[in-house]
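Undergrad: There's a structure below that I have some questions on.
Only the coordinates and a few stated rules stand behind these numbers; no lab work does. All of these numbers come straight from a predicted model, not from anything done at the bench. Note that we place each Cβ from the backbone using ideal geometry, even for glycine, and neighbour counts take in every protein chain shown.
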Amino acid sequence: MDIKTLLENLAEELVREWEITPTGSGFFMVTDWRWPNDERIEIYIRAVGEREDLYLVTDGGNLFNFLFAHGVDLRKDKHGMKFLNGIAEHFGAKIVDYQMARGANDADLHQAIRMILEAIKEASFILWYKLSQESEPVH
């Protein structure tokens, strides 16, 4: 097998089970990446205003919701928020209105999607396991 074929096969395998739905102003993606509870991670892509070449890629607040449902309330945990902001920054993202978010244009939209996935996957595992042991359950 040559390198080109291997790369093409790998790229196809990495998104084989993804579901991508156009939303009118962007896309809704259900990936085969998983939260620690084995649910599939969803990504939201919205065009910025009337521009068709600028996008906002987010987790739609699902990281905060996931952690909250498992007893980790980041609104009340300054240490956890600082840690989360560090993870977001490492992946070129920011926490905006309790969402992991990153801007993109046509040329780097694919990279922004991957970086948001990497960031929320890393944060979900680290914060869920670490902070859930320190936090009081919210239910």
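Undergrad: Among residues other than Phe64 whose Cβ falls under 13 Å from its Cβ, what is the net charge (Lys/Arg +1, Asp/Glu -1)?
TA: -2
Undergrad: Counting Lys and Arg as +1 and Asp and Glu as -1, each charge on the Cβ, what is the dipole of the chain about the Cα centre in debye, to the nearest 20?
TA: On the way: 15 positive and 24 negative charges, 112 e Å.
That gives a dipole near 540 debye.
Undergrad: Another question, if that's okay. In terms of Cα to Cα distance under 28 Å, which lysines are near enough to Lys94, apart from those fewer than 8 places away along the same chain?
TA: Straight-line reach from Lys94, under 28 Å: Lys76, Lys78, Lys82, Lys121, Lys130.
Undergrad: On to the next question. State, as an integer percentage, the relative contact order of the chain based on alpha-carbon contacts under 8 Å between residues 6 or more apart.
TA: Computed over the chain, the figure is 22 percent.
Undergrad: Something else about it: Show me, for segment 83-97, the HN-Hα J-couplings you get by feeding each phi into the Karplus relation (A = 6.51, B = -1.76, C = 1.60, θ = phi - 60°), rounded to Hz, glycine and proline as x.
TA: Each residue's phi maps through the Karplus curve to give 4, 5, 4, x, 5, 4, 4, 4, 9, x, 10, 9, 9, 10, 6 Hz.
Undergrad: Whole-Hz ³J(HN,Hα) for each residue in segment 19-25, computed from phi via Karplus 6.51 cos²θ - 1.76 cosθ + 1.60 with θ = phi - 60°, x for glycine and proline: what do you get?
TA: So the J values, rounded to whole Hz, are 10, 10, 10, x, 10, x, 10.
Undergrad: Relative to the present Cα-Cα distance, how much length would full extension add between Asn105 and Met81 at 0.36 nm per residue of separation?
TA: So the extension gain works out to 5.9 nm.
Undergrad: Turning to a different aspect of this structure: Above 25 Å lies some portion of the pair distances; for the chain, what is it as a whole percent of all C-alpha pairs?
TA: 32 percent
Undergrad: Mind checking the dipole of segment 1-63: about its Cα centre, +1 per Lys or Arg Cβ, -1 per Asp or Glu Cβ, Debye to the nearest 20?
TA: Dipole magnitude for segment 1-63 comes out near 160 debye.
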